[in-house]
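Before any comments, here is the structure.
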Amino acid sequence: MAEENNWKFAQCFGDKGESDDVTDADIISAVEFDQTGDYLATGDKGGRVVLFERNESKKGCEYRFHTEFQSHEAEFDYLKSLEIEEKINKIKWCKRQNSAHFLLSTNDKTIKLWKVFEKSLKVVAENNLGDGPQPVSSGLRVPKLAHRDTIVAAVPRKVYANAHAYHINSISINSDSETYISADDLRINLWNLDISDQSFNIVDIKPANMEELTEVITAAEFHPYHCNMFMYSSSKGTIKLSDMRASALCDQHAKVFEEPEDPSSRSFFSEIISSVSDVKFSHDGRYILSRDYLTLKIWDLNMDREPVKTISIHEPLRSKLCDLYENDCIFDKFECTFSGDDRSVLTGSYSNTFHLYDCEGKTDISLQADKSAFKAKRLGSAKNKMSLARGSGKNNGMGNGDAMDFNKKILHASWHPQENTIAVAATNNLFIFTEQQS
């Protein structure tokens, strides 16, 4: 299975120095392509959003810096004596209607709608003040403005605040481009993009007595074209599909996707590792991709009894769950995503490695988002120095759990909607990988 693949490292943004001493605020916490793939957004723990645009002057899929703005600031909730981090949890692009871009960004508590647009800077080129007294007969001279420069401006058009008592983990824009949902640990709210002071609570799993709490919501997403359908996943390993036409409160799900647990393999860690960290619909709306700690699962929307494919990612770690519990890595939330053509899936791992699988689970391309790749490209020998493997993913110590670096993890990634180009966040660096056409 060790046939050659055509995936190549293309670009690296961020600090490319040797030092492993990374400022916490610079760690990337969200990555998202827009619907065209011409723009790419990242958010970080310092509350900043950085946008990149396609560099049309280059023949390959290359990006350049577009703009950067401070989306969220650290706050303090005096009623609960809680510090609210500025960290960006999610970014979602709205469908583009005109020359301006609109995107939603959220931290733990507050969602903001940003307008990003090009603005002409003008300066006074001629004024009506001469060098001395002007004769009365000279008439009125109006100052003239001249174009000096074009800047990219970002302004918050709406702020959707005070609707979540718990930490927001997901936002998802509806296919109608008018509404969106936001999910926290116990509730999902439905918003109209134009109305910031009112939302509708459509899912509430909070028990009357919090001591009876057994699960939390981990992710939620709207169906790509059925504007009445959405799904949400839970820490118990279930995915629930809901229909907003059925009732105002969607606690009664239409379908539940859950794989029964094998009693023989039950352990203290079973519930933790079965928690779903991310769910995504395929672009055609037929399949669901879910990620838990050790596996990726692909579900058919028409078959809820078992996944059509289960791909094992971290099987060697099954024997090390105790250590991973001690160092908190067992709670890492890895994201997953479909390729633009829905034929492949992507998810991250440790040692700055991420995996691309075809939906049959037959091929596993393992790529490493590491600074050595950047240096190798600079030296013109990227092909030799990059660790690319196809097959069972045994490179980089992935075959056994011992050689994995648990401090280096790929949690956030996004796949270009039309091309085989991937944006991957590795600590404070953004890596672009692209598949070259053979």
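The values are calculated or read from the model by the stated rules, or taken from the named source; none is laboratory data. These numbers were taken from a predicted model, which means no experiment stands behind them. Cβ placement follows ideal geometry from the backbone for every residue including glycine, while neighbour counts extend to all protein chains displayed. Calculation scope for accessible area: heavy atoms of the full protein, side chains included, ligands and nucleic acids excluded. Shrake-Rupley method; radii C 1.70, N 1.55, O 1.52, S 1.80 Å.
Details
- Sorted on the mean count of surrounding Cβ atoms within 10 Å across their residues, most packed first, peptides 71-78, 346-353, 253-260 read 346-353, 253-260, 71-78.
- Whole-angstrom gap from segment 297-345 to segment 154-223, using each part's C-alpha centre: 24
- Residue with peak Gaussian network fluctuation, the chain [Cα springs, cutoff 10 Å], from 210, 229, 404: 210
- One compactness figure for segment 29-97 is 1.39, namely its Cα radius of gyration divided by 2.2 N^0.38 Å.
- Pair residue 80, residue 36: separation of 7 Å Cα→Cβ label points (nm): 3.9
- Surface share of carbon and sulfur [accessible, 1.4 angstrom probe, percent] for the chain: 47
- Per residue, the chain exposes 50 Å² of solvent-accessible protein surface, assessed with a 1.4 angstrom probe and all protein chains in place.
- Residue pairs exceeding 19 angstrom between C-alpha atoms, taken from 92/280; 240/320; 45/333; 80/333; 90/333: 240/320; 80/333.
- The chain: calculated mean residue ellipticity at 222 nm from DSSP helix runs of at least 4, using -39500 (n - 2.57): -1000 deg cm²/dmol
- Stokes-Einstein diffusion coefficient of segment 261-380, Kirkwood radius over Cα pairs, 4 °C, 1.567 mPa s, in µm²/s: 83
- Taking only the alpha carbons of the chain, we obtain Rg and Dmax values of 24.3, 101 Å in that order.
- Pairs of alpha carbons in segment 223-307 whose separation is greater than 20 Å (percent): 34
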